[in-house]
Amino acid sequence: MVRIGIRELRDNLTSTIRRVRAGEAFEVTHDGEPVAILSPVKRSRLDELIASGDATPAKRPLNLSRKPLPVQGGRSISEILDEQRADRI
């Protein structure tokens, strides 16, 4: 971790923030005493997976408002399962 004084941080704030965004962490000191740590914000696990290429972001939001498809056929799932199970005995 890089140590940086408050005055140096103030004078080079933009470039220091760029370095933090790139993943570097800084220990901020005042009169040689550590007073703060400046480090990148942790990303969510999903953001990390997307950044590494192990996941892809959704192309559109999930639409949960669609109505379910109507049931077709004259029998229920329970009846079909009972029939299939009876064949095993």
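Each DSSP beta bridge with both residues in the range 1-57 is either parallel or antiparallel, and the antiparallel ones are about 55%. Simple rule: put +1 on each Lys or Arg Cβ and -1 on each Asp or Glu Cβ in the chain, find the dipole, and look at A55, A36, V2; the Cα lying farthest toward the positive end is A55. Evaluated with a Cβ-only charge set (Lys, Arg +1; Asp, Glu -1), the chain carries a dipole of roughly 440 debye about its Cα centre, given to the nearest 20.
Computed from the C-beta positions of T56 and N12 and an R0 of 41 Å, the FRET efficiency is 0.65 to the nearest 0.05.
Evaluated at q = 0.25 Å⁻¹, a Debye calculation over the C-alpha positions of the chain (equal weights, vacuum) places log10 I(q)/I(0) at -1.20. The trypsin sites (Lys or Arg not before Pro) found in the range 11-89 that occupy coil by DSSP, while having at most 11 further C-beta atoms within 10 Å, are K42, R43, K59, R66, R75. Here the contact order of the range 1-57, divided by its residue count and restricted to Cα pairs under 8 Å and six or more residues apart, works out to 29 percent.
Each value in this text was obtained by applying a stated rule to the coordinates, not by laboratory testing. Just so you know, these numbers come straight off a predicted model, no measurement behind them. So basically every Cβ, Gly included, is an ideal-geometry build from the backbone, and we count neighbours across all protein chains shown.
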